[in-house]
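Here the structure is laid out as structure tokens; the discussion comes afterwards.
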Amino acid sequence: MLKSLISIFVTLTILSVVTSCNTNTVYNNNVTLPIEGWYKNNAVVFNVDINDSINNHLFTISIRNSINYRYSNLYLFLLTEFPNGNISRDTLECILANNEGKWLGKGWGDIKENKIVLKSDLRFPLTGEYKFLVQQAMRVDTLIGINDIGLSVRKR
């Protein structure tokens, strides 16, 4: 009886710690790209519901690449469609390896992951659904070696 009570207590404690750590997460999603490569016209789409236009948010992109990726950086186009229909477009350079060719991401084996902060104090001007489209902007039609693209929005 005492063992089962202790077990229940430990389980509830772990569950409360895990859920309390994620209360600031507004959106977090990763999309796996095709093995045959990421074609330049194929955008990865993230639909994000924003209910808070007052507080600042941490806005990050995550990139999982193979160690066989042949470049040290990744250029991306980020197209943002606002709830009112307005659109903005940014070009991002994500550095994946240093000058000596050492991968900057974390991970063991053949896959490295970089979490790149795009804005650490982003305040969304409107509430509603934002659509973020991410396209590779390298000078090749089909990019090999980028496995996943992710987007995360957290309240600060």
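Each value in this text was obtained by applying a stated rule to the coordinates, not by laboratory testing. Note that the structure is predicted; figures quoted are calculated from it, not measured. Note: ideal-geometry Cβ built from the backbone for every residue, glycine included; neighbour counts use all protein chains shown.
If the condition is being without any contact (Cβ under 8 Å) to a residue 40 or more places away in the chain and either exposed (fewer than 13 other Cβ atoms within 10 Å of the Cβ) or not in a loop (DSSP other than H, G, I, E, B) (or both), then the stretch 50-74 contributes only 73. The single condition among (1) surrounded by 15 or more Cβ atoms within 10 Å (Cβ to Cβ); (2) touching a Lys or Arg at 6+ places or on another chain (Cβ under 6 Å) that residue 47 does not meet is (1). The set of residues in the stretch 118-156 that are among the charged types (D, E, K, R) and loosely packed, with under 12 Cβ neighbours inside 10 Å comprises 121, 139, 141, 156.
If we keep just the residues of the stretch 97-117 that are surrounded by fewer than 17 Cβ atoms within 10 Å (Cβ to Cβ) and among the aliphatic types (A, V, I, L, M), which is farthest from residue 42 (Cα to Cα)? So, considering only residues that are surrounded by fewer than 17 Cβ atoms within 10 Å (Cβ to Cβ) and among the aliphatic types (A, V, I, L, M), the one farthest from residue 42 (Cα to Cα) is 104.
Each residue in the stretch 46-104 was checked for being closer than 17 Å to residue 145 by Cβ and not polar (S, T, N, Q), and 19 of them qualify.
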